[in-house]
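What follows is a set of notes on a single structure, which appears directly below.
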Amino acid sequence: MCGIFAAVKQGSIADAMLQRVVESGLDRIRHRGPDGSNVWTSPDQSVGFGHVRLAIVDLETGAQPMSLEDGTTIIFNGEIYNYLELRQELGAADFHTGSDTEVILRAYRRWGEDCVNHLRGMFSFLIWDARTRKVFFARDRFGIKPLYWYEHPDGDVYFASEIKAFLPLMPRREVDVSALSDYFSFQFCLGNKTLLQGVRQVLPAHCGWVTPGEALRPRQYWEVHYDLDFHHTDRYFVERLQGLADDSARFHMRADVEVGAYVSGGVDSSLLAILGSRHRSHDSSFKIFNGKFKEGEAFDESRYAKAVADEHGMDLFIAPISEQDFVDSIDKVIYHLDSPVAGPGAFPQYMVSRLASQHLKVVLGGQGGDEIFGGYARYLIAYFEQCIQAGIDGTLHDGQFVVTYESIIPNLTTLRQYKPLMKEFWSSGLFEPKDQRYFRLINRANTIEPMLAPGTIRREQAFEEFRRIFWGNNVGKESYFDLMTHFDFKTLLPALLQVEDRMSMAHGLESRVPFLDHPLVEFAATAPANVKFLNGELKRWLREAFSEQLPRAIRERKDKMGFPVPINLWLKRGGAARDLIGDIFSSPRARSRPYLNEDVSVDAILDSQSVYGRNLWALLSLELWHRQFVD
């Protein structure tokens, strides 16, 4: 796990300045690699690579940038979990190190750009090919590891693990208005957009070449296809899932340092901690990490983490998180987040990662479980509406994809805490087409738009981009469940992975996500909705497969809500958080933002938050980001 920066000269960088330019980019991301730093420039001074290292595999000889005998050179961020198998396939006798980095280099030398299809892991890398004098770049299938690029007006092209590395190089910093519309609609950007105009991300499962005089056009090298299997039994799907999940956990535990796990108290992280602990190579107890607020049980799930620790003999470490921690850390959270995405959960993730980094270098996390196995309550809300419509139309028992009204009733208790969302969802548009209904269910513009300047949110553009992803060519049109989870897999998941990466790497901690192992994901996509979502039970398949291993309290709970932050309680009672946020939005800088409605008051912003503060968080994190990345 590391940080990378690259400069590809196609413009005005003087040869003598190349190394200094690379070093300036590395300065902004040194937190990603506290164990070492190196810069390399090509013999013709056309390319500069920089690398900061967090040493996890091959602690002695795995430093980067790394070169082959012919001079072909790589910088790499991530982990290749099948590196031992690939090493044998490529000829172990030819290797000079024990690192997965050299495996990528030799895989590239053997297979060229097709090397990406042989890699099992999380990665972003760039390779300078000494024979062609061209640069090849790639990002992993799911976007676990970040990779951005910026094309300077003079023509030079830069790549980095984090956007902040580009800031010293940018003559102008402006907000991308299309990306800003996405942000207010979804709390993430669609496609390769970022909030900074001119900065783009390499999309998950994309790779490409930097060719002089040509624009960057990364190509997609992998896609998950929902080729549904209606021929096998439930037992087959359960046993196959058990084997693939355990196999992924075994691969993800490969490291030359100790590995622990985040445990939030939900099914996903608890299960991965249990599976991972069985494959640990060290003798000490498996360490797990949780965070809690003092504002009551709704903000404290440590009792569930304790159930995992007690049943499986793990050492539990809990980060107590306070309002003062929020005041002291919020600027750092937004700086490290790189650009605001998703919800307030980034803040407690930052605090738990800080605690974990004091004990080890690597943790497992549960990202991906909600999108793969169907864990979001909105899926149940959407299906509930479909059940009502099917009951009226007399089509309840038609087809392979219907959750019946009768069967869904016992699981509706899951929605007890979502009444405000359901009230807003059903306020208009009832029984409209599936794409319009799911767009309304995930669209956050309805509640925040009154505080924004007219035209800030481009509804038609947002909906058309949404539809293009929602009706993807790789997913069948019949299964509403697959359409919804596929959209979230393509859009929300990369945003959550950004949080996972930045909040851990802010403290020099590597986070691994075993559910995002492509053999497992490809198999999960073949399971019909009646396997994953029978009777409207969220994560039904996963719970059934591992019911005997999970503590009963976790296996049967229906109230999991992510990592809620009590911002609304802090604001209502007054104090440090309300004072800080009030001062921020009262400042001339905040009041002058072109995206804010000039008539909106500070009190209106402070009182705008939903139960868990998403509207306020969206405005606050954007303002703090604007100050650090644009102003």
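The values are calculated or read from the model by the stated rules, or taken from the named source; none is laboratory data. On a predicted model such as this, the values are computed, not experimentally measured, just so you know. Methodologically, a virtual Cβ is constructed for each residue, glycine included, from the backbone with ideal geometry; neighbour enumeration extends over all protein chains shown. Note: areas computed on protein heavy atoms with side chains; ligands, DNA, RNA excluded. Shrake-Rupley method; radii C 1.70, N 1.55, O 1.52, S 1.80 Å.
Looking at region 284-293, which of the residues that are open to solvent by 10 Å² or more (accessible area, probe 1.4 Å) and part of a loop (DSSP other than H, G, I, E, B) is farthest from Asp58 (Cα to Cα)?
Checking each candidate, the answer is Ser285.
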Practice problem: Look at region 457-482 and say how many of its residues are in contact (Cβ under 8 Å) with a residue 12 or more places away in the chain and under 18 Å from Asp229 (Cβ atoms). | Solution: 7
Quiz item: Among the residues of region 39-62, how many are open to solvent by 50 Å² or more (accessible area, probe 1.4 Å) and either modelled with pLDDT of 95 or more or under 25 Å from Leu18 (Cβ atoms) (or both)?
Solution: 2
Exercise. Only residues that are of a type in the set (S, T, N, Q), open to solvent by 50 Å² or more (accessible area, probe 1.4 Å) and more than 24 Å from Arg573 (Cα to Cα): list them for region 591-601, please.
Key: Ser592
Self-check item: Residue that is in contact with a Pro (Cβ under 9 Å, 6 or more places away or on another chain), surrounded by fewer than 19 Cβ atoms within 10 Å (Cβ to Cβ) and among the aliphatic types (A, V, I, L, M), where the choices are Ala604, Ala618
Solution: Ala604
Self-check item: Checking Glu113 against (1) in contact (Cβ under 8 Å) with a residue 60 or more places away in the chain; (2) assigned to a helix (DSSP H, G or I); (3) open to solvent by less than 20 Å² (accessible area, probe 1.4 Å), the condition it does not meet
Solution: (3)
Quiz item: Which of the residues belonging to region 41-78 are closer than 19 Å to Asp15 by Cβ, in contact with a Leu (Cβ under 7 Å, 6 or more places away or on another chain) and hydroxyl-bearing (Ser, Thr, Tyr)?
Solution: Thr41
Quiz item: From the list Ile554, Ile567, which one is touching a residue at least 40 places away in the same chain (Cβ under 8 Å), in contact with a Leu (Cβ under 7 Å, 6 or more places away or on another chain) and surrounded by 21 or more Cβ atoms within 10 Å (Cβ to Cβ)?
Solution: Ile567
Exercise. Return the pairs, sorted by first residue and then second, in which the second residue is open to solvent by less than 30 Å² (accessible area, probe 1.4 Å) and of a type in the set (Val, Ile, Thr), the first residue lies in region 202-223 and is over 20 Å from Ser161 (Cα atoms), the beta carbons are less than 7 Å apart, and the residues are 6+ apart or on different chains.
Key: Tyr221/Val116
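If you check Ile469, Ile448, Ile457, which single one turns out to be within 21 Å of the chain's Cα centre (by Cα) and either over 29 Å from Asp246 (Cα atoms) or hydroxyl-bearing (Ser, Thr, Tyr) (or both)? Even if it seems obvious, please write down each step before you answer.
Values: Ile448 fails: within 21 Å of the chain's Cα centre (by Cα); Ile457 fails: within 21 Å of the chain's Cα centre (by Cα).
Step by step, each of Ile469, Ile448, Ile457 is checked, and only Ile469 is within 21 Å of the chain's Cα centre (by Cα) and either over 29 Å from Asp246 (Cα atoms) or hydroxyl-bearing (Ser, Thr, Tyr) (or both).
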Self-check item: Options Leu360, Leu316: the member that is part of a strand (DSSP E or B) and more than 28 Å from Lys532 (Cβ to Cβ)
Solution: Leu316
Practice problem: Could you grab the pairs with beta carbons closer than 6 Å, sequence gap of 6+ or different chains, first residue in region 370-395 and assigned to a loop (DSSP other than H, G, I, E, B), second one open to solvent by less than 30 Å² (accessible area, probe 1.4 Å) and polar (S, T, N, Q)? | Solution: Gly374/Thr485
Quiz item: How about region 139-157: which of its residues are assigned to a strand (DSSP E or B), touching a residue at least 60 places away in the same chain (Cβ under 8 Å) and either touching a Ser or Thr at 6+ places or on another chain (Cβ under 7 Å) or open to solvent by 10 Å² or more (accessible area, probe 1.4 Å) (or both)?
Solution: Arg139, Trp149, Glu151
Quiz prompt | Inter-residue pairs, beta-carbon under 7 Å, first at pLDDT 75 or above and in region 596-623, second acidic (Asp, Glu), 6+ apart | solution = none
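Any residue at all in region 497-515 that is on the phi > 0 side of the Ramachandran plot, out of contact with any strand residue (DSSP E or B) (no Cβ under 9 Å at 6 or more places or on another chain) and of a type in the set (D, E, K, R)?
Step one: filter region 497-515 for residues on the phi > 0 side of the Ramachandran plot, giving 508.
Adding the requirement that they be out of contact with any strand residue (DSSP E or B) (no Cβ under 9 Å at 6 or more places or on another chain) leaves none.
For region 497-515, residues on the phi > 0 side of the Ramachandran plot, out of contact with any strand residue (DSSP E or B) (no Cβ under 9 Å at 6 or more places or on another chain) and of a type in the set (D, E, K, R): absent.
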Quiz item: Of the residues Ile330, Ile334, which is over 19 Å from the mean Cα position of the chain (by Cα), at pLDDT 95 or above and among the β-branched types (Val, Ile, Thr)?
Solution: Ile330
Quiz item: Does region 263-283 hold any residues that are more than 22 Å from Arg540 (Cα to Cα) and either touching a Gly at 6+ places or on another chain (Cβ under 6 Å) or part of a loop (DSSP other than H, G, I, E, B) (or both), and which are they?
Solution: Arg278, His279, Arg280, Ser281, His282, Asp283
Quiz prompt | Given (1) surrounded by fewer than 17 Cβ atoms within 10 Å (Cβ to Cβ); (2) at pLDDT 95 or above; (3) closer than 17 Å to Lys361 by Cβ, number of the condition Arg235 does not satisfy | solution = (3)
Quiz prompt | Candidate set from region 69-102 (those that are of a type in the set (S, T, N, Q) and either in a loop (DSSP other than H, G, I, E, B) or open to solvent by 40 Å² or more (accessible area, probe 1.4 Å) (or both)); member that is nearest to Asp246 (Cα to Cα) | solution = Asn82
Quiz prompt | Selection within region 417-474 - of a type in the set (Ser, Thr, Tyr), open to solvent by 20 Å² or more (accessible area, probe 1.4 Å) and part of a helix (DSSP H, G or I) | solution = Tyr418, Thr447
Exercise. Determine, yes or no, whether Gln187 is open to solvent by 40 Å² or more (accessible area, probe 1.4 Å) and farther than 30 Å from Asp154 by Cα.
Key: no
Practice problem: Report yes if Arg120 is within 21 Å of Leu86 (Cβ to Cβ), touching a residue at least 12 places away in the same chain (Cβ under 8 Å), charged (D, E, K, R) and open to solvent by 10 Å² or more (accessible area, probe 1.4 Å), otherwise no. | Solution: yes
Quiz item: Any idea which of Leu105, Leu126, Leu167 is buried (at least 17 other Cβ atoms within 10 Å of the Cβ) and assigned to a strand (DSSP E or B)?
Solution: Leu126
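Looking only at region 329-338, count how many residues are over 18 Å from Leu616 (Cβ atoms) and open to solvent by less than 30 Å² (accessible area, probe 1.4 Å).
Number of matching residues: 2.
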Exercise. Consider Thr132 carefully, then state whether it is farther than 26 Å from Arg53 by Cα and either assigned to a strand (DSSP E or B) or among the polar types (S, T, N, Q) (or both).
Key: yes
Quiz item: Can you tell me how many residues in region 1-29 are more than 21 Å from the chain's Cα centre (by Cα) and either part of a helix (DSSP H, G or I) or of a type in the set (Phe, Trp, Tyr) (or both)?
Solution: 13
